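Single-structure report; data block below.
The values are calculated or read from the model by the stated rules, or taken from the named source; none is laboratory data. Since we're looking at a predicted model, the values are computed, not measured. Because the Cβ atoms are built from the backbone with ideal geometry, glycine has one as well, and the counts that use them run over all protein chains shown.
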Amino acid sequence: MIVPHSIAEAGDPLIVQRATNYYDDLFVRLIGDGVSQGSAIERVATAYLDGKPLPVGKKKLTKKERDSLFWSSNVVRECPPESWNVEAMSFALARYLGQEPVAADGLVARVARDAPDALIRAVRYSGLVLNPHSPRLAELDQAASESEAVAELCRVLDLFALAHRDRIAAVEALQARLAELSVFDLLIYASLYAFEVLVPRDFKVKALALPSRVDLELAWDALSDLLAWKLAGASISSLKLTEDVIGRSVARHLRPILFESGTANSSEAVRNLRALHALMDAQIELNEFTARSADAFCYDNGIRFERRGDRLEIVEVDPAARAAWQNDGRKLERLHGYWFHRAMDTYVEQVASDPAKWAIGRPENSEGNRLAWIRALQAQLRLREAYGVADEVTSASGDAVDLFRGLLSLNLMSVFFQQDFLAAFAERLDASGDWVAALQRLTMDGLREGFQNRLPLTWSDRDSKVANITGWTVTASEPKGNPRMASAILDFWTYDMVAMAERLQRNEPGLQPHLFERPVLKFGATLVQLPWIVGLQNNSSAAINNLRRLGARRGQARDEAQRIEAGLAKLFETRGFKTLLNWRPLRDVDDPGEVDLIATLDGHLFVIEVKSTFLRRSQREAWLHATTTLRKAGDQLRRKVEAVSLGIASDPELRALLDLTEDRLPTRHHGWIADTSIECDHQRFAGFLKVSVEELLIALRDDRHLLNDPNGLLAGDYVADQSPEADTSPSAWTLYPDGFSAERFIEVIETEAVWDPRDRTHCRPISQ
């Protein structure tokens with residue numbers, strides 16, 4: 001039995017504060033309540049992971065203080081071997097290994113001896129594989145004598161460290177060759193690189209589905225890393241671009257490539273461009289090593305790494321676990337198509353009521369502008385229904401932004417760059433077969449057609465950009481547009497280079513925008529754009545992550561979560577459910593907190609916990625989401641289901657709110673975590689199913705046929721008259737052929753029927 005620290009007499013509060021340990025006290029209280037030792041240890045570890053003890057008044061523990069308190073507790077010191085294998089203790093141990101200020105003497109050696117498998121898992125989760133200077137590695141090396149499996153793990157970590165060090169050295173050596181370039185110089189060479197390597201050669205302006213972005217995003221991410229490297233060492237004055245500075249940079253680095261090829265003046269620029277190629281390759285290699293090897297080692301439970309002499313081999317141990325990540329990616333692609341088809345239907349309705357919306361802008365631009373309008377509708381519908389975003393949001397400057405006009409502006413930028421840069425370049429490349437000649441021709445044609453900038457990157461002063469966007473904010477009530485709104489829209493999409501440089505140089509923590517999330521690069525009063533990113537990016541994803549990743553701490557975020565809950569409740573009600581939002585049970589020692597959504601139908605009780613986050617792009621981000629937000633959501637839901645069940649049994653007021661009587665109480669209870677992200681889809685946390693908000697929306701709307709590109713619009717194979725065998729009508733894909741019921745709804749969700757693109761064995765056409 002674990003013996004707690006002695007607690008001083010209550011008469012001396014200073015002594016009590018010094019002698020007591022929150023985690024030992026919690027353990028004693030749980031044991032006193034009849035909780036088993038193993039469960040009590042698990043709950044104490046969970047409290048530590050959840051950041052408890054919570055602040056009392058102005059007293060708030062630092063992370064170091066909390067770590068010190070937990071790792072010095074008797075709960076840890078006397079933890080029995082079997083408890084280290086409990087998930088919460090494994091995660092706690094990973095947190096210890098991932099931090100540096102607090103040392104627990106003998107801890108790692110003891111776990112290596114008593115529970116080596118638990119230690120190995122914790123080492124993987126901790127990220128030690130890419131932290132070769134951590135003092136925890138020395139503890140691990142010392143513990144290797146306790147277990148051959150741990151000793152082998154140390155050898156594997158050594159090989160990872162060597163491979164990582166080699167790749168970092170390669171990047172740093174190549175960075176040294178470009179050390180003298182300014183940030184703007186770097187962007188010039190990156191843009192030349194992009195038109196040489198990244199811009200699609202078969203680009204079609206009218207394509208509804210953009211080319212695969214896998215290789216593009218690898219390059220974009222590498223450029224983001226190189227941009228951060230440059231910003232961290234740049235003088236702030238050099239980031240406030242003027243026309244004179246830009247002119248000198250273009251003359252030295254861009255003009256020699258495009259217009260002085262083969263001359264003495266071009267030698268420096270050619271060397272720099274070749275060095276940029278090599279640096280991009282090295283940075284992509286480093287990033288791929290991190291993502292495919294190091295992150296896979298840490299967070300992919302479907303594989304293990306085995307040492308073969310001085311190299312490592314990946315052995316697949318759980319194909320289903322490995323497939324889950326790819327399946328989630330395919331789901332995201334299908335959801336993108338789903339919202340596009342929803343937007344098409346909405347646009348058709350708008351045109352029916354206002355035919356003027358069919359011809360947008362000049363006739364020669366009308367088709368591209370229509371697509372931009374539909375793409376803006378696509379993002380707005382998704383943000384409104386799945387993320388609870390209002391029709392008006394706030395920019396970083398604090399100004400209100402009309403969401404649709406902000407989305408339309410970005411999509412019109414994309415159409416402009418697609419048509420006037422990317423497609424025009426592809427056409428000239430097809431004619432000449434030489435990317436430099438094609439860029440040269442594109443630039444000269446731009447000058448002849450009214451002195452238009454058709455260089456591989458563009459810039460303008462802020463006032464000019466606001467003036468351009470103002471034309472995109474025209475409405476019936478504001479026929480000349482709204483300059484203030486245009487200014488706020490511009491701020492919404494702006495990535496401030498000076499602010500980022502200052503933060504990096506102060507070593508302050510914080511998020512760095514991905515280039516597609518905020519694609520207007522601000523250099524003082526000058527704004528720079530990269531056509532090869534803006535023309536190819538997914539603007540719906542950009543908007544989601546602008547708001548939910550970079551803007552997660554906005555004051556509007558709480559309201560957005562409540563709108564998600566209200567939107568789900570409304571859909572449940574259309575299916576006959578009785579719903580209740582934000583019910584708060586009486587508070588007790590184990591306070592369950594506010595219950596987001598309760599729904600009842602046909603003897604079934606649903607308790608739903610809603611989480612709203614962002615679109616993740618790495619296994620590390622997905623793992624952190626699973627082990628923090630979703631793990632905690634499962635624990636919250638456990639308490640909430642218990643509280644709701646007790647409330648229905650004992651509280652007449654709650655029964656009345658749910659239209660229940662004592663002789664008609666739900667007998668089957670279901671707890672679901674409804675999350676805006678797709679990661680960990682259909683996994684269970686604390687025994688409760690995690691499902692995406694969008695899956696619930698589709699299941700309740702019964703429009704899964706839109707996931708399957710029913711008319712072939714996105715695939716480019718639209719056929720006006722399809723055969724009956726290829727029936728893609730809603731009736732052919734209904735999830736409820738015998739009518740909606742709670743029982744069938746549960747089956748639809750639990751069997752993932754929404755996502756099945758083929759199986760219609762349980763779905764037959766409804767009567768017309």
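So residue 695 ticks every box in (1) in the same structural domain as residue 622 (by TED's automatic domain parsing); (2) at pLDDT below 95 but one. Which box is left unticked?
That leaves (2) as the condition not met.
Given the residues 304, 274, 322, which is the only one that is within 22 Å of the chain's Cα centre (by Cα) and either part of a helix (DSSP H, G or I) or surrounded by 13 or more Cβ atoms within 10 Å (Cβ to Cβ) (or both)?
Exactly one of 304, 274, 322 is within 22 Å of the chain's Cα centre (by Cα) and either part of a helix (DSSP H, G or I) or surrounded by 13 or more Cβ atoms within 10 Å (Cβ to Cβ) (or both), namely 322.
Among the residues of segment 374-407, which ones are in a loop (DSSP other than H, G, I, E, B) and touching a residue at least 60 places away in the same chain (Cβ under 8 Å)?
388, 389, 390, 395, 396, 397, 399
Please tell me if residue 297 is among the aromatic types (Phe, Trp, Tyr) and part of a helix (DSSP H, G or I).
yes
Among (1) part of a helix (DSSP H, G or I); (2) within 18 Å of residue 113 (Cα to Cα); (3) over 28 Å from the mean Cα position of the chain (by Cα), there is one condition residue 79 misses while meeting the rest; what is its number?
The failed condition is (1).
Would you check which residues across segment 499-549 are charged (D, E, K, R) and either touching a Ser or Thr at 6+ places or on another chain (Cβ under 7 Å) or surrounded by fewer than 19 Cβ atoms within 10 Å (Cβ to Cβ) (or both) and list them?
Matches in segment 499-549: 502, 503, 506, 508, 518, 522, 548, 549.
Go through (1) part of a loop (DSSP other than H, G, I, E, B); (2) at pLDDT 95 or above and name the single condition residue 105 misses.
Here residue 105 clears every test but (2).
Could we say that residue 450 is outside any helix (DSSP H, G or I), over 32 Å from the mean Cα position of the chain (by Cα) and surrounded by fewer than 23 Cβ atoms within 10 Å (Cβ to Cβ) here?
Answer is yes for this residue.
Might you check whether a residue that is in contact with a strand residue (DSSP E or B) (Cβ under 6 Å, 6 or more places away or on another chain) and more than 28 Å from residue 675 (Cβ to Cβ) occurs anywhere in segment 389-401?
The answer is yes, given that some residue of segment 389-401 is in contact with a strand residue (DSSP E or B) (Cβ under 6 Å, 6 or more places away or on another chain) and more than 28 Å from residue 675 (Cβ to Cβ).
Pick out the one residue from 118, 179 that is aliphatic (A, V, I, L, M), modelled with pLDDT of 95 or more and crowded, with 19+ Cβ neighbours inside 10 Å.
Answer to the selection: 118.
Do we have any residue at all in segment 86-100 that's more than 29 Å from the chain's Cα centre (by Cα), over 23 Å from residue 292 (Cα atoms) and either surrounded by fewer than 18 Cβ atoms within 10 Å (Cβ to Cβ) or without any contact (Cβ under 8 Å) to a residue 60 or more places away in the chain (or both)?
No: zero hits.
If you go through segment 232-248 one residue at a time, how many are buried (at least 20 other Cβ atoms within 10 Å of the Cβ) and either assigned to a helix (DSSP H, G or I) or over 36 Å from the mean Cα position of the chain (by Cα) (or both)?
Looking only at that region, the number is 1.
Considering only segment 113-146, state which residues are among the small types (Gly, Ala, Ser) and either in a helix (DSSP H, G or I) or farther than 22 Å from residue 313 by Cβ (or both).
115, 118, 122, 126, 134, 138, 143, 144, 145, listed by residue number.
If we keep just the residues of segment 540-557 that are under 27 Å from residue 373 (Cα atoms) and not in a helix (DSSP H, G or I), which is farthest from the chain's Cα centre (by Cα)?
556
Filter segment 514-557 down to residues that are free of Cβ contacts under 8 Å to residues at least 40 places away in the same chain and in contact with a Pro (Cβ under 9 Å, 6 or more places away or on another chain), then give me how many there are.
1
Quick one: which residue in 440, 418 is assigned by TED's automatic domain parsing to the domain that holds residue 375 and either over 19 Å from residue 537 (Cβ atoms) or touching a helix residue (DSSP H, G or I) at 6+ places or on another chain (Cβ under 8 Å) (or both)?
Unique residue meeting the criteria: 418.
Testing residue 255 on (1) in a loop (DSSP other than H, G, I, E, B); (2) surrounded by fewer than 20 Cβ atoms within 10 Å (Cβ to Cβ); (3) of a type outside the set (Phe, Trp, Tyr), one condition comes back false. Which one is that?
The one condition residue 255 does not meet is (1).
Do you know which residues across segment 569-602 are modelled with pLDDT of 95 or more and small (Gly, Ala, Ser)?
Those that are modelled with pLDDT of 95 or more and small (Gly, Ala, Ser): 569, 576, 599.
Can you tell me which condition residue 172 does not meet? The list is (1) at pLDDT 90 or above; (2) buried (at least 18 other Cβ atoms within 10 Å of the Cβ), and all the others hold.
Unmet for residue 172, out of (1) at pLDDT 90 or above; (2) buried (at least 18 other Cβ atoms within 10 Å of the Cβ): (2).
Residue by residue, here is whether (1) touching a Phe, Trp or Tyr at 6+ places or on another chain (Cβ under 8 Å); (2) within 29 Å of residue 219 (Cα to Cα) holds:
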| position | (1), (2) |
| --- | --- |
| 80 | no, no |
| 111 | yes, no |
| 119 | yes, no |
| 136 | yes, no |
| 188 | no, yes |
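If I filter segment 18-52 down to residues being among the small types (Gly, Ala, Ser) and within 29 Å of the chain's Cα centre (by Cα), which single residue comes out as nearest to residue 67 (Cα to Cα)?
This residue is 51.
Check 284, 246 and return the single one that is modelled with pLDDT of 95 or more and closer than 25 Å to residue 332 by Cβ.
284
Would segment 421-435 turn up any residue that is within 30 Å of residue 674 (Cβ to Cβ), in contact (Cβ under 8 Å) with a residue 24 or more places away in the chain, buried (at least 17 other Cβ atoms within 10 Å of the Cβ) and not polar (S, T, N, Q)?
No.
Output the number of the condition that residue 554 fails; it satisfies all remaining conditions of (1) charged (D, E, K, R); (2) modelled with pLDDT of 95 or more; (3) surrounded by fewer than 19 Cβ atoms within 10 Å (Cβ to Cβ).
Just one mismatch for residue 554, condition (2).
For residue 267, are the conditions met, namely being among the polar types (S, T, N, Q) and farther than 25 Å from residue 509 by Cα?
yes
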